[in-house]
Each structure stands twice: as structure tokens, then as C-alpha cells.
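A quick write-up on the structure given underneath.
The values are calculated or read from the model by the stated rules, or taken from the named source; none is laboratory data. Predicted model, so just to flag it, every value in this text is computed and none were measured. Please note: Cβ atoms are built from the backbone with ideal geometry, for glycine as well, and neighbour counts cover all protein chains shown. Accessible surface areas use protein heavy atoms only, side chains included; no ligands, DNA or RNA. Shrake-Rupley method; radii C 1.70, N 1.55, O 1.52, S 1.80 Å.
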Amino acid sequence: MKIITVAAAVILNEQNQLLLVRKQNTHAFMQVGGKLETDEAPEITMQREILEEIGCECELKQFIGRFETAAANEPDHVLVSYVYAVELKQPPQIAAEIAEMKWIDLDDQSTLLAPLTKEIVIPWCQQNQVS
């Protein structure tokens, strides 16, 4: 089993909707984020990927955890994700390899979601909703 290691962002708006992106030539929506470069800390990867993918500077608010799930776009790969709650400093815009971006409700049933989003991120958001 091959391993892909990434940093992934949980970005919620004031309506408690989750920001997801779909990369070009893929089908599943997922967190903003990406693969760690050699000797790069997950926190640095997170900030770099947010800037590259949605053109924003950000503040890391909380380390949520390290999780293992199936990879969304690479069969026979395990995805190791360092997940962070992140606050954006400006509105996001599509950049880099992103084909589509959208805010979803936490009970969304119509969007094709990556395993990390469906199995880890949405349950975490639902348990940690700010009322």
C-alpha cells in the first residue's frame, strides 16, 4: 500500500458551511491542501497550499489531528492527513490546479466527497459546531 502525506484545511464560514475544492481532472470535492514537500512541516504546507490553491493568507487556529483514510484520486493509496482548522484572511478565489470551489452545508448529500471529508472532517465539524 502506497502512502500519500498531506496537510488539509477545515475552513468554515459564518453560516457554518465547509469550503471544498475539486482539482482539475478529478471528481471528488475535498479540503484545500496538498502534499508535504521534503522536510516541510505540515503547518508550512498548509499555508503554502492555501495560498497556491485559493489565493489566501490564513491563520492556523487548531491542529485537529493526524488521520488515515483512503485516497480520493489514487487507487491503492493510503492518505495520511494532518488536518487543521484554518481562518482565511480574505475571500477565497480559484487558483492553481483547482477546477471548482464551493461552500457546502454539513448535511450535504449531493456532493461527491473525498473519504477524508466524509469520514473525518464533516463529523468533526458537526461535533464542534459553534452555536
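Label sites at Gln17 and Glu43, each approximated as a point 7 angstrom past Cα along Cα to Cβ, lie 3.1 nm apart. Length gained on full extension, Trp124 to Gln109, computed as 0.36 nm times the residue gap minus the Cα-Cα distance: 3.7 nm. Its residue count N fixes a reference of 2.2 N^0.38 Å for segment 37-87, and the Cα radius of gyration divided by that reference is 1.23. In a DSSP loop and with at most 14 other Cβ atoms within 10 Å, the GluC sites (Glu not before Pro) in segment 18-105 are Glu37, Glu40, Glu57, Glu97. Put Ile94, Ile3 in order of accessible area, highest first, and with a 1.4 Å probe you get Ile3, Ile94. When the residues Ser110, Ser81 are ordered by accessible surface, computed with a 1.4 Å probe over the protein chains alone, the sequence from largest down reads Ser110, Ser81.
When the accessible area of the chain is split by element with a 1.4 Å probe, what percent falls to carbon and sulfur? Could you put the intermediate results ahead of the total?
Working: 3390 of 7300 Å².
Here carbon and sulfur together make up 47 percent of the probe-accessible area.
Solvent exposure of Asp107, expressed as accessible area, is near 100 Å², computed with a probe of 1.4 Å over the protein chains only.
With contacts taken as Cα pairs under 8 Å at a separation of at least 6 residues, the chain carries a relative contact order of 33 percent.
Partner lysines whose Cα lies under 29 Å from the Cα of Lys61, excluding those fewer than 8 positions away in the same chain, are identified as Lys23, Lys35, Lys89, Lys102, Lys118.
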